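To start, the structure itself, in structure tokens.
The values are calculated or read from the model by the stated rules, or taken from the named source; none is laboratory data. Quantities reported herein were computed from a predicted structural model and do not represent experimental measurements. Neighbour counts are summed over all protein chains in view; Cβ atoms, including those assigned to glycine, are modelled from backbone coordinates with ideal geometry. Remember, those area values only see protein heavy atoms, side chains included, never the ligands or the DNA or RNA. Shrake-Rupley method; radii C 1.70, N 1.55, O 1.52, S 1.80 Å.
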Amino acid sequence: MKTRNIIFYLIGLLAFCSCQDMFEPADENNRQEEAMYEESKYADGLLMYGYGRLPYKTNVAGNWTDVATDDAVTNEKTNTYLLMATGSWASDNNPVSEWDNCKDGIQYVNLFLEKVEKVKWAPSAQSKQEMFIDRLKGEAFGLRAIFYYYLLRAHGGYLGDHRNANDTTLLGVPLLTSSENGSSDYNQSRASFRDCVKQIFADCDSAMALLPYDYENISTDDEVPAKYKKSGAYVTSYNLVFGQKAHGLLSGKVAAATKAQAALLAASPAFRDNSGVTSAEAANLCANVLKRNGGLEGFDKTGHIDWFSSAYKTMIETVENPEILWREDRIKNAEQERANFPPTLYGNGRINPSQNLVDAFPMRNGYPIGDVRSGYDPKDPYVNRDPRLEYYILYNGRTLRKKEIISGTYPNVDDETDDNLNSINRSTRTGYYLMKFLRDDVSPLSSSLIEQQHIYPRIRFTEIYLAYAEAANDAWGPMGDGGNGFSAYDVIKAIRDRAGLGYDEYGRALPEGDVYLEECAKNQATMTNLIRNERRLELCFENKRFWDMRRWMLPLNEPVKGVKIDRNETTGDLTYTIIEVEERKYENDYQIYGPIPKGEVLKWSNLKQNWKWQ
């Protein structure tokens with residue numbers, strides 16, 4: 001929906017709000033808007049439309065930016081991300097654009113902020129009115145920060161060659177902090193990337209000043225903040241506005257995490273030279289969130305699996321999960337499994353993890369598989385690997401729902417071959433199927449449908465821990481903590497320990513510990529590579545890799561590889577052959593940065609395009 005369409009829609013909304021007969025004109029043109037101020041549910045609708053534009057892509061059944069990276073491909077040949085990765089990415093064909101969605105969200109939020117203080121949220125009680133205004137304004141500021149963060153990530157870039165040290169023209173997007181209407185000047189220039197970051201920070205600060213860090217009930221009147229107590233608030237009214245009933249709305253914690261995410265983006269190699277944000281600042285903003293979570297003591301020891309694995313059914317379905325900073329509502333369905341289970345389990349096998357990603361998982365002793373000390377055996381490649389491999393990726397010979405899944409070129413014990421490499425259009429193209437996100441107690445078959453609850457995270461605490469490690473290592477080296485009490489090394493040690501690295505197959509700690517981590521901690525550059533790899537593994541298939549590769553300015557054209565597994569019918573021995581599955585056709589020089597939509601650039605003369613995009 002374009003901004004002008006939103007304006008016309010809102011005129012209709014205001015007209016609907018009128019108490020007059022719908023077929024009779026209002027006595028005065030402003031009568032409809034006045035009705036909205038009297039009936040708060042209609043004003044609240046503006047904010048809800050803002051929530052409806054949240055840009056998080058958390059449903060793995062449909063949002064698969066990982067298949068446009070070296071981590072995966074899809075067997076859905078018409079998938080827009082596949083087409084983008086294989087040469088069709090253009091300013092007028094951009095499936096990762098956030099332009100329309102986020103700008104629409106900003107328009108809704110700006111309209112709401114202009115009207116929120118005029119609405120009668122609780123006319124019978126001044127204290128409730130004041131609290132509702134504060135909470136709703138805080139939510140709106142936080143939403144606007146999120147929209148601008150996603151716009152920057154998708155559309156920020158240079159007007160000229162970013163490799164030229166003399167070119168400092170790093171632009172963001174047009175900054176709009178008031179709503180547009182029929183008389184607005186739509187021909188707006190792009191603000192600097194630096195000013196966009198400042199606006200995100202300011203909106204996050206405004207949200208944090210107005211919102212509680214978490215929505216929790218208080219027990220006594222003494223806990224009511226002084227500003228509300230002064231206007232007559234008491235424990236019941238405070239809990240009505242800021243208590244557990246508001247759980248799931250944007251909170252101070254979400255605003256703090258968004259500020260940390262934006263800071264990490266700005267301090268990344270692709271933007272840091274002209275963003276105005278240092279790695280130290282980014283690390284400290286991440287630390288602010290983590291210290292409120294208990295620092296390393298608050299690190300969820302099963303957070304890499306307990307929010308999706310059916311082994312943690314109780315945590316998914318009945319209690320708040322300590323790994324999840326913010327999430328969508330739980331949904332009971334079988335959509336993810338229907339999209340991604342292998343064909344013999346009535347799935348479509350859509351996301352096919354790559355050999356590139358599989359090779360990124362180290363051995364259980366912590367060494368990369370390319371290290372001669374790792375003990376890796378290419379003839380038995382899945383033995384003694386990082387335990388996360390088994391949780392995240394379904395590889396040949398594993399059992400799922402009591403069925404042997406054979407992704408090689410030979411039949412399973414039931415003489416079925418649909419799961420074989422390239423067997424049918426629902427089969428894997430890489431020799432691997434997705435396991436992460438999927439519950440093995442789900443059946444997607446319509447005639448025997450079994451649905452289960454799923455959690456859709458918007459922000460995980462592990463993401464913020466990894467963000468801190470990245471920024472802290474860049475600012476202070478592997479062992480420096482900047483006064484925060486924990487270092488990049490400490491975080492990565494906790495993550496690898498949780499994964500089971502440095503342990504034997506029986507879960508016993510190796511006498512020598514995680515030697516590879518200790519070696520990496522002696523060198524900042526080596527530690528950077530390790531942190532990036534840990535982020536790749538921990539956040540795989542969560543729509544992070546596509547953006548991480550670009551902000552790190554990594555080569556984008558690495559071909560996606562898979563494995564062809566043949567069986568000797570006489571001896572039963574398996575042969576593993578690495579194959580090239582899909583060529584990546586990105587332009588490494590300029591596609592680090594995404595385009596401004598072509599139609600917008602053609603429409604508005606002041607809106608300049610990023611370098612080399614047509």
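Some points to look at:
- Candidates Gly298, Gly243, Gly294: the one that is under 15 Å from Tyr468 (Cβ atoms), free of Cβ contacts under 8 Å to residues at least 40 places away in the same chain and either of a type outside the set (Phe, Trp, Tyr) or open to solvent by 10 Å² or more (accessible area, probe 1.4 Å) (or both) is Gly294.
- Residue among Asn533, Asn529, Asn543 that alone is more than 19 Å from Gly431 (Cβ to Cβ) and part of a loop (DSSP other than H, G, I, E, B): Asn543
- Residue that is surrounded by the most Cβ atoms within 10 Å (Cβ to Cβ), among those in the stretch 69-87 that are closer than 11 Å to Arg584 by Cα and among the hydroxyl-bearing types (Ser, Thr, Tyr): Thr69
- Residue in the stretch 572-585 that is modelled with pLDDT of 95 or more, over 23 Å from Tyr382 (Cα atoms) and open to solvent by 40 Å² or more (accessible area, probe 1.4 Å) present: yes
- Residue within the stretch 169-176 that is in a strand (DSSP E or B) and surrounded by 14 or more Cβ atoms within 10 Å (Cβ to Cβ) present: yes
- Which numbered condition Asp100 fails, given (1) under 24 Å from the mean Cα position of the chain (by Cα); (2) of a type in the set (D, E, K, R); (3) over 20 Å from Glu542 (Cβ atoms); (4) part of a loop (DSSP other than H, G, I, E, B): (4)
- Of Glu558, Glu534, Glu518, all but one fail to be touching a residue at least 60 places away in the same chain (Cβ under 8 Å) and surrounded by fewer than 20 Cβ atoms within 10 Å (Cβ to Cβ); the exception is Glu558.
- Summed over the stretch 134-143, residues that are among the charged types (D, E, K, R) and open to solvent by less than 10 Å² (accessible area, probe 1.4 Å) total 1.
- Within the stretch 150-168, the only residue that satisfies the criterion of being open to solvent by 20 Å² or more (accessible area, probe 1.4 Å) and assigned to a helix (DSSP H, G or I) is Arg153.
- Consider the stretch 480-511 and keep the residues that are part of a loop (DSSP other than H, G, I, E, B) and touching a strand residue (DSSP E or B) at 6+ places or on another chain (Cβ under 8 Å). The one that is farthest from Asn523 (Cα to Cα) is Leu510.
- Residues (among the hydroxyl-bearing types (Ser, Thr, Tyr) and surrounded by fewer than 24 Cβ atoms within 10 Å (Cβ to Cβ)) located in the stretch 248-274: Ser268
- The C-beta contact set for the stretch 37-54 (first residue closer than 12 Å to Trp121 by Cβ and touching a residue at least 60 places away in the same chain (Cβ under 8 Å), second residue part of a helix (DSSP H, G or I) and open to solvent by 50 Å² or more (accessible area, probe 1.4 Å), distance under 8 angstrom, 6+ apart or interchain) comprises Tyr37/Lys118.
- Filtering the stretch 320-368 to residues that are among the acidic types (Asp, Glu) and open to solvent by less than 10 Å² (accessible area, probe 1.4 Å) leaves Glu323, Glu337.
- Top-ranked residue of the stretch 177-191 - restricted to ones that are open to solvent by 40 Å² or more (accessible area, probe 1.4 Å) and closer than 27 Å to Ala270 by Cβ, ranked as nearest to the chain's Cα centre (by Cα): Thr177
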